[in-house]
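Participant: This structure is in structure tokens; I'll ask about it shortly.
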């Protein structure tokens with residue numbers, strides 16, 4: 001999952017769909033995979049500036065809407 005998300009780091013329009021059906025759209029703000037005492041997660045900044053943290057284990061699908 002980390003490799004896929006790193007490839008999308010420059011995109012301003014990605015969508016992450018979680019296993020419980022939530023959908024978060026925006027840009028990747030931060031990737032965290034090797035911090036001690038934390039679980040691997042990605043932070044997405046939405047168009048309204050809200051930051052949402054999603055654990056890698058909860059990600060079902062990642063869509064890049066910014067690709068041409």
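The values are calculated or read from the model by the stated rules, or taken from the named source; none is laboratory data. Predicted model only: the values in this text are computed from it and were never measured. Here the Cβ is made from the backbone with ideal geometry for all residues, glycine too, and neighbour counts use every protein chain on show.
Participant: Being modelled with pLDDT of 95 or more and exposed (fewer than 15 other Cβ atoms within 10 Å of the Cβ) is the requirement here; does residue 60 meet it?
Facilitator: Judged against the criteria, residue 60 is a match.
Participant: Mind telling me which of the residues 44, 19 ends up being touching a strand residue (DSSP E or B) at 6+ places or on another chain (Cβ under 6 Å) and surrounded by 15 or more Cβ atoms within 10 Å (Cβ to Cβ)?
Facilitator: Going through 44, 19 in turn, the sole match is 44.
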